[in-house]
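Every number here is computed from the coordinates shown, using simple stated rules; none is lab data. These figures come from a predicted structure and were not determined experimentally. A quick note on method: Cβ atoms are made from the backbone with ideal geometry, for glycine too, and the neighbour counts reach across all protein chains shown.
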2 protein chains.
Amino acid sequence: MVYDDAYFMSIALEQAKEAARQGEVPVGACIVQDNQVIATGYNRRELDQNALAHAEILAIEQACKVLGGWRLHRCSLYVTLEPCPMCTGAIINARIQRIVYGAKDSKAGCCGSVCNMTAMPFNHHPRITSGVLEEECMAQLKEFFKALRR
Amino acid sequence: MVYDDAYFMSIALEQAKEAARQGEVPVGACIVQDNQVIATGYNRRELDQNALAHAEILAIEQACKVLGGWRLHRCSLYVTLEPCPMCTGAIINARIQRIVYGAKDSKAGCCGSVCNMTAMPFNHHPRITSGVLEEECMAQLKEFFKALRR
């Protein structure tokens, strides 16, 4: 069976839900190669007290381990929120083929919102698909911040 | 005794030398708070087979551990080569106060060369000092690539 983008985004959404359960801003990611999830990650910045512990970074680290190399050129990365500068840079450095994201991030998004780093003259240019399960991804973030204010 | 930028850059250069000894592109970094080196790192991408293992990332990870938190707002980061998109993003995410670098990177540098991410509308804007021990930093990289071609 061949899965579609919505299927893989729902796996990223599950990861984001786990972040929320642990009191973290709910962002989740997964990395897919040959129609198979090879790595997952969710935001753990507060849990790990580590500025690097974004969902995408943890997934990339795991994917490098799984594949035994740093070039993820046959992989797609699915993430519920548009990647920040650090994560977009990490995606470029890891030669990831394609970025699929759900909700836009008007404050820090570097795949179209604040800027589009994939179109800058770096040595690798991932393709971008945005807006996959956008409403679910947005709703999850909104709910989290609403609960936080209560 | 109060140390100057050249002193801390010489520590980053020592780290870069260690990278070269291990067959890695020689880039080294250190993080300084209150006139003291609290973390160091050197490029280990091939050794670790990890796309994230740049000098700055490893130093930031160590600094978060040393300080027990992800906000490095009282820290300066010294690095021999201008930070790439990922590392500049990580520096912004970690709220590092100041970036000091040696050699420019015309292909991937995001602190003035390809772009200046510290001037984009993100939520933190590190100050930049460039060109510290620039010749030594450049010479080390040139030597490494010359030896590689032989």
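Here are the numbers:
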| quantity | calculated |
| --- | --- |
| Subset of A:142/B:107; B:17/B:107; A:17/A:107; A:104/A:146 violating a 27 Å alpha-carbon distance limit | A:142/B:107 |
| Mean Cα-pair separation over length for the stretch B:1-121, i.e. relative contact order, pairs under 8 Å, 6 or more apart, % | 20 |
| Between the stretch A:80-132 and the stretch B:110-147, the alpha-carbon center distance in angstrom | 22 |
| Unit charges on C-beta of K, R, D, E only; dipole of chain B, Debye | 280 |
| Copies compared at residue A:106 - label distances in nm, ascending, label defined 7 Å from Cα in the Cβ direction | 4.0 |
| Cα pair distances exceeding 18 angstrom across chain A, given as percent | 52 |
| Inter-copy spacing of residue B:47 label points, which lie 7 Å from Cα along Cα→Cβ, given in nm from shortest upward | 2.9 |
| Rounded FRET efficiency, nearest 0.05, which uses the C-beta distance separating residue A:136 from residue B:34 and R0 of 35 Å | 0.15 |
| At 7 Å out from Cα toward Cβ: residue A:131 inter-copy label distances (nm, ascending) | 4.7 |
| Residue-averaged 222 nm ellipticity for chain B, from DSSP H runs of 4+ at -39500 (n - 2.57), nearest 500 | -12000 deg cm²/dmol |
| Extension gain, residue B:73 back to residue B:147 (0.36 nm per residue minus Cα-Cα distance, nm) | 22.8 nm |
| FRET efficiency estimate (nearest 0.05) - Cβ-Cβ, residue B:106 to residue B:22, R0 30 angstrom | 0.75 |
